[in-house]
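Below: the structure, in structure tokens.
The values are calculated or read from the model by the stated rules, or taken from the named source; none is laboratory data. Please read these numbers as outputs of a predicted model, since none were measured by experiment. Cβ placement follows ideal geometry from the backbone for every residue including glycine, while neighbour counts extend to all protein chains displayed. Quick note on the areas: whole protein, heavy atoms, side chains included, nothing else; ligands and nucleic acids left out. Shrake-Rupley method; radii C 1.70, N 1.55, O 1.52, S 1.80 Å.
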Amino acid sequence: MSQAATTTQRRVSWFEATARQRLAALLDPGSFTEFLGPAAREISPHLALFGLPAQFDDGIVIGQAKLGGHEVFAAAQEGRFMGGAFGEVHGAKLVGLLRAAKAASRDAVLLLDTGGVRLQEANAGELAISEIIRAIVDLRAEGNSVIGLIGGRAGCFGGGGIIAGCCTRLIVSEPGRISVSGPEVIETNRGVEEFDSQDRAFVWRTMGGKHRYLTGGADCFVDDDTTAFRAAAIETLAGRTPLTVSVLEAEQARLKARLKRFGAAKDGSEVWQALGVTNPASVPGMDTEEFLNATKAVRESADDAR
Amino acid sequence: MPGKNWTTQKAALAERIDGGSRFAAGKRVQPGDLCAFFEAVLRPGDRVCLEGDNQKQADLLAQALAELNPTRVNDLHMVQSGIVLPEHLDMFEKGIAKRLDYSYSGPQSARIARMLFSGKIELGAVHTYLELFARYFIDLTPNVALIAAVSADRDGNLYTGPNTEDTPTVVEATSYKSGLVVAQVGEIVERVPRVDIPGDLVHFVVPAGKPFFVEPLFTRDPAAITETQILTAMLAIKGIYAPYRVRRLNHGIGFNTAAIELLLPTYGEKLGLRGQVCTHFALNPHPSLIPAIEAGWVEQIHSFGSEVGMEDYIAARSDVFFTGPDGSLRSNRAFCQTAGLYACDMFIGSTLQIDLAGNSSTVTTSRVAGFGGAPNMGSDPHGRRHPSAPWLQAGKEADDTTPPLLRRGRKLVVQIGESFGAKNEPLFVERLDALSLAEKLNLELAPVMVYADDVTHIVTEEGIANLLLCRDKNEHEQAIRGVAGYTEIGRQRDHKMVERLRARGVIQRPEDLGIDPLDADRNLLAARSMKDLMRASGGLYQPPSRFRNW
């Protein structure tokens, strides 16, 4: 048997998994209770107008569960349905979940996999994004944590990128991407000289998991493996950091300093160079352990806000 | 014929060399002097081969040629494998070139169609690669060949490297028939790593200062393979590869065949097929074949061209690939096409449209993509005389009356796809778009990729149709309808007849082969991402930037 064949059988790829498979692998077995599941048929009221198919869960699975014995509320976006984009029902389910988490004083775990707001229901989607942000901040202000897990096919873009920025902690894998404007959007608005969206290696050097981890945009870097995400989530939930004004001020100061230090960089690899990574060109090729060892001394870390 | 001059071509060549030498130092021509140089060596109406195919391109020479003044150089007759770069068509817009005989036009398929409609191009014919190469030696011999190599020495000896491809054929036809050969090279070196083209066949060399352009055309990202494609791959492996014991074959470039390659070390292994099938290929170095090679499936591969990023892997696997004394791949399109035609027992590939007779085409009414090598791979060679088990078995299925000693074998020509392809376009159609195109352009032949009488099997997610076993036109049509799924063609099937064909094994459903469609899972793929392929190669395969998600 080739190495590839055996690796495939051992590892369950987070990138490959569906939203439901991710939840099943992440949470304590049998502990998940879904709210507003497919049987409730809460479908998008808008997509039919565009002749587009709906899904009975509108592309997001929400519920409560245990994670390492810890009671949590969890949501998982399905990146394969409408690119995991936020529509009216999809957004409302997440808002409701976060408010319920606050009422129950539980931590929340968000499995983000989204291109942003669904264009077909953009107003409702944009409203949902702001409501989600508010709900996250409210939940965190009570001292609860909101953990974002990012490593899906759709990445975490648009409003999803802003939501990620409001989380207490982010766990990311190499294929995961975090940004507000996506590669094609930047290229369309600023030209191919500014950003070549077809150059996938460049896309990953500027918004991929390793880059975000190196600049403090994500807190924890794991293998593209459901087991690794679970272990990291359990470990992250053990910490607890309330969101306070001083935390925000410290982060603001860090971001200012970062802009000053790296603002002129044209490529992620230039940022890594400036950070002091030895041989930045070798970073994309490194496996997880090698990458973490090579960078732990130089990476930036966030001040519990980002 | 007393008094006739029998050496006019040698004299014309000497004139061209003299003219060109005024802009050269020895054989070396600087890129900045190319315009004046070309005006000195080219004559209006010349037959010119500008090297370029679906992979490598003499891009610097193409750019210079397209910038010539059409009052000096005009009405060229281009005879070349590929119309791929914009400059290849700019030449016709400007009147520098007028007539065209070619083979492949993938990326320019829409523009070439518009120019053909508007009469900007006088079309000779669209060929297969091997056909065009053949005509280089009979009635389309170039007066001038503009070729591309990795490096040259001062004598003009050329190293064409892994992407040797068409170069030896083009040079052979041109130089030995008193034509002029001009090569662009990445660099001029003291000593070339190996001599692919002897310097005495090369008249001028242009140091481009950069490598020629190569398209990574044969890289398929495993992340994009769907479960339906995996199902068709399982059907092909269990329903065709296994029973015919196909060892010598060629694969097309689609995702269905990439899925087959990635299922060999998993699903194929489970079926016990290692060593029994897929041991010898006429194939470009597909990255998706790495896991099968590493698992010991493949004994030998001869290649048309190379593939970007595969160089180190190929060099480290010289037991499998053809490599030179320098260690790097030696590809040769003409030889590999010949190998695919005569020494392979199967071709399997996907297409855009199949009609009720079984003709297939990748042409749509607004795009002329040309043929490349597929019609050559996907045809039954009537000149073949050596027996092999799959060939004899297919021949027997097609004809059970002729005595065995007089019966031709048959090459297996398999079309594989989903009943609805990209953008939900049906794979099966009443009438090929190629026919409308031929009418619009007044062509004498519709551009059919694989003719009905060459196709032996069609594989879709609904099952396999074995057309060899059909005994009349009606059975043939119902066998095709019987695997055409929910397309119009499929829905108009005669259900009773399709069931009868199924009882005879002409049509085989997944369940007839013991395949549960629910087992068609991406976990079956030996690699599910480009990174998996790189890992499987032990880091030797270096995927190009645009295929990386890291």
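Region B:138-181 and region A:30-48 have Cα centres lying 65 Å from one another. Amide H to amide H distances under 5 Å link B:Thr364 with B:Ala369, where only residues 5 or more positions off or on other chains count and H is placed in the peptide plane.
For chain B, the mean residue ellipticity at 222 nm estimated from helices alone is -7500 deg cm²/dmol, where every DSSP H run of n ≥ 4 contributes -39500 (n - 2.57) and the total is divided by all residues, rounded to the nearest 500. With semi-axes defined as the square roots of five times the eigenvalues of the C-alpha gyration tensor, the equivalent ellipsoid of region A:107-208 measures 26, 17, 10 Å, largest first. Taking a straight Cα-Cα cut-off under 12 Å and skipping sequence neighbours fewer than 8 places away in the same chain, no aspartates and glutamates fall within cross-link reach of B:Lys423. Taking the inverse of the mean reciprocal distance over all distinct Cα pairs, the Kirkwood hydrodynamic radius of region A:76-139 comes to 11.7 Å. Peptide B:520-530 shows a mean partner chain C-beta count of 4 within 10 Å per residue C-beta. Dividing the convex hull volume of the alpha-carbon atoms in region B:24-214 by its residue count gives 100 Å³ per residue. Evaluating 6.51 cos²θ - 1.76 cosθ + 1.60 at θ = phi - 60° for every residue in region B:229-243, the Karplus couplings come out as 5, 5, 4, 4, 5, 4, 4, 5, 5, 7, x, 10, 4, 5, x Hz, glycine and proline recorded as x. For B:Glu165, the residues 5 or more places off, or on other chains, whose built amide H falls under 5 Å of its own are B:Ser331, B:Asn332, B:Arg333. Shown here: chain A, whose C-alpha atoms stretch 56, 53, 44 Å along the first, second and third principal axes, sorted largest to smallest.
B:Tyr451 contributes an accessible area of around 100 Å² to the protein surface, as traced by a 1.4 Å probe with all chains present. In the P(r) worked out for region A:230-272, what percent of Cα pairs fall beyond 17 Å? For region A:230-272, the share of Cα pairs beyond 17 Å comes to 58 percent. Evaluated over region B:1-151, the count of Lys pairs having alpha-carbon atoms less than 25 Å apart is 6 (only pairs 8 or more residues apart or interchain). Ranked by the mean number of other Cβ atoms within 10 Å of their residues, highest first, the peptides B:60-73, A:142-155, B:19-32, B:323-336 fall in the order A:142-155, B:323-336, B:60-73, B:19-32. For B:Asp400, the accessible area of its heavy atoms, probed at 1.4 Å with every protein chain present, is near 110 square angstrom. Of B:Arg546, A:Arg261, the residue with the largest accessible area leads and the full order is A:Arg261, B:Arg546 (1.4 Å probe). Computed over region B:236-305, relative contact order equals 36 percent, with contacts defined as Cα pairs under 8 Å that lie 6+ residues apart. Direction-averaged projected area, Cα convex hull, region B:1-88: 7.4 nm², rounded to one decimal. What a 1.4 Å probe finds exposed on chain B is 52% carbon and sulfur by accessible area, rounded to a whole percent. Let me test this: with uniform point scatterers at the alpha carbons of region B:126-187, what is the Debye-based log₁₀ I(q)/I(0) at q = 0.17, 0.21, 0.26, 0.28 1/Å? So the normalised log intensities are -0.58, -0.83, -1.11, -1.19. When B and A come together, around 1800 square angstrom of accessible surface is lost from both chains combined, probe 1.4 Å.
Ordered by solvent-accessible area of protein heavy atoms (1.4 Å probe), largest first, the residues B:His476, B:His286 come out as B:His476, B:His286.
Between region B:469-523 and region B:1-70, what is the separation of their alpha carbon centroids in Å? Comparing the Cα centres of region B:469-523 and region B:1-70, I get a distance of 56 Å.
Projection of the Cα convex hull of chain B, averaged over all directions and equal to a quarter of that hull's surface, yields 27.6 nm². Counts of other chain beta carbons within 10 angstrom of each beta carbon in peptide A:11-17 average 3.
Across region B:218-377, counting alpha-carbon atoms alone, Rg and Dmax equal 15.7, 51 Å.
Rg and Dmax, both from the Cα atoms of region A:1-146 and both in Å, are 16.2, 52. Based on the convex hull around the alpha carbon atoms, region B:222-534 presents an average projected area of 16.7 nm². Derived scalar couplings between HN and Hα for region B:323-338 equal 10, x, x, 7, x, 8, 4, 10, 9, 7, 5, 5, 5, 5, 5, 5 Hz in order, rounded to whole Hz, by the Karplus curve 6.51 cos²θ - 1.76 cosθ + 1.60 (θ = phi - 60°), x for Gly and Pro.
Loop-located GluC sites (Glu not before Pro) in region A:157-228 (DSSP state not H, G, I, E or B) with no more than 12 neighbouring Cβ atoms inside 10 Å: A:Glu193, A:Glu194. Averaging 1/r over every pair of different alpha carbons in the protein assembly as shown and inverting the result gives a Kirkwood radius of 29.9 Å.
If you plug the beta carbon distance of B:Ser436 and B:Thr8 into 1/(1 + (r/R0)^6) with R0 = 51 Å, you get a FRET efficiency near 0.65. Give me the percent of DSSP beta bridges within region B:222-534 that run antiparallel, rounded to the nearest 5. Bridges in region B:222-534 that DSSP calls antiparallel: roughly 40 percent.
If you look at the Cα atoms of region B:419-550, you get an Rg and a Dmax of 19.7, 54 Å.
Convex hull volume of the Cα atoms of region A:192-287, normalised per residue: 134 Å³. Across chain B, C-alpha contacts under 8 Å between residues 6 or more apart give a mean separation that, scaled by the residue count, equals a relative contact order of 14 percent. Only helices enter the 222 nm calculation for chain A: every DSSP H run of n ≥ 4 contributes -39,500 (n - 2.57), and dividing by all residues gives -13000 deg cm²/dmol, rounded to 500. Altogether, the Stokes-Einstein calculation at 25 °C and 0.890 mPa s, with the Kirkwood radius of region B:279-358 over Cα pairs as Rh, returns a diffusion coefficient of 179 µm²/s.
Accessible surface ranking for B:Lys270, B:Lys440, 1.4 angstrom probe, highest first: B:Lys270, B:Lys440. Computed 3J(HN,Hα) for region A:173-190, one whole-Hz value per residue from the Karplus formula 6.51 cos²θ - 1.76 cosθ + 1.60 where θ = phi - 60°, is 10, 4, x, x, 10, 10, 6, 8, 6, x, x, 5, 5, 5, 4, 5, 7, 10, glycine and proline marked x. How about region B:118-209: which chymotrypsin sites (Phe, Trp or Tyr not before Pro) there are in a DSSP loop, with at most 13 other Cβ atoms within 10 Å of their Cβ? Answer in residue order: B:Phe137, B:Tyr176. Qualifying GluC sites (Glu not before Pro) in region B:451-550, where qualification requires a DSSP coil assignment and no more than 14 other C-beta atoms within 10 Å, are lacking entirely. Counted over region B:319-415 with a bin width of 10 Å, the fraction of Cα pairs per bin, in whole percents, is 13, 34, 31, 17, 5, 0.
Mean per-residue shielding of peptide A:172-180 is 1, counting Cβ atoms of other chains within 10 Å of each Cβ.
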